[in-house]
Amino acid sequence: MVKLDTTQRTGFMQYWLMKSEPDAFSIDDLQKVGTEPWDGIRNYQARNFMRDDMKIGDLVFFYHSSCKIPGIVGLMEVASESYPDFTAFDSNEKYFDSRSNPEKPTWMMVDVKFVQKLAVPITLQSLKQNPKLDGMRLLQKGNRLSIMPVEKVHWDTIMDMTNV
DNA sequence: GCCAACGTTGGC
DNA sequence: GCCAACGTTGGC
């Protein structure tokens, strides 16, 4: 695999991590479709990150959670401004929320675009074992946020771990 | 399947 | 506004 040099990107950008259960939506699913709305977020903190802070071009770690080997499995980028999560409006949808409506949407989302699948996933276990990642939000006890910012120093450390 | 940790709800 | 009860997340 050719290592992606994310330091070559220009302009101000932020780094993120987004979790998904691979049974529901995996890095392979994203690779197939290319771009996908990140729907179903029903947590205010996570929504606020998408609504207020994400910018097109921001880079994102794709993290597989609640599975056999949790960890970072790929890279993607933010591909849209935030817009209403329409799955909240449909009573047939799993993440229907009667409080949200098109006139006054409660829940927002962004589109994400596939960038790269890692040849070897970076497991949660290996993240925990890297002392340079002490203090990373993902690794903090009790953290359940499914969308969170990643500090540049942590991003760079993890990108270095993708060297095979 | 278990359970710790957290966010949300709703009675008061 | 407090806080107990409940539901969910997510590692193990």
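The values are calculated or read from the model by the stated rules, or taken from the named source; none is laboratory data. Note that the coordinates shown come from a computational prediction; the quantities given were computed from them, not determined experimentally. Using ideal geometry, Cβ is built from the backbone for each residue, glycine included, and neighbour counts are taken over all protein chains shown.
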Just one of A:ILE122, A:ILE69 is modelled with pLDDT of 90 or more, under 30 Å from A:LYS152 (Cα atoms), out of contact with any Pro (no Cβ under 6 Å at 6 or more places or on another chain) and not in a strand (DSSP E or B); which is it?
A:ILE69
Go through segment A:20-38 and count every residue that is surrounded by fewer than 16 Cβ atoms within 10 Å (Cβ to Cβ), part of a loop (DSSP other than H, G, I, E, B) and either touching a residue at least 12 places away in the same chain (Cβ under 8 Å) or away from DNA strand C (no atom under 16 Å from the Cβ) (or both).
3
Tell me, yes or no, whether segment A:99-115 has at least one residue that is under 12 Å from the mean Cα position of the chain (by Cα) and part of a loop (DSSP other than H, G, I, E, B).
yes
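Would you confirm whether or not segment A:88-98 contains a residue that is within 23 Å of A:ARG47 (Cα to Cα) and outside any loop (DSSP other than H, G, I, E, B)?
Step one: filter segment A:88-98 for residues within 23 Å of A:ARG47 (Cα to Cα), giving A:88-98.
From what's left, outside any loop (DSSP other than H, G, I, E, B): A:88.
Yes, segment A:88-98 has at least one match.
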Need the failing condition index for A:ALA79 against (1) at pLDDT below 95; (2) more than 16 Å from DNA strand C (Cβ to nearest atom), just the number.
(1)
Among the residues of segment A:142-155, is any surrounded by fewer than 17 Cβ atoms within 10 Å (Cβ to Cβ), closer than 25 Å to A:GLN45 by Cβ and acidic (Asp, Glu)?
yes
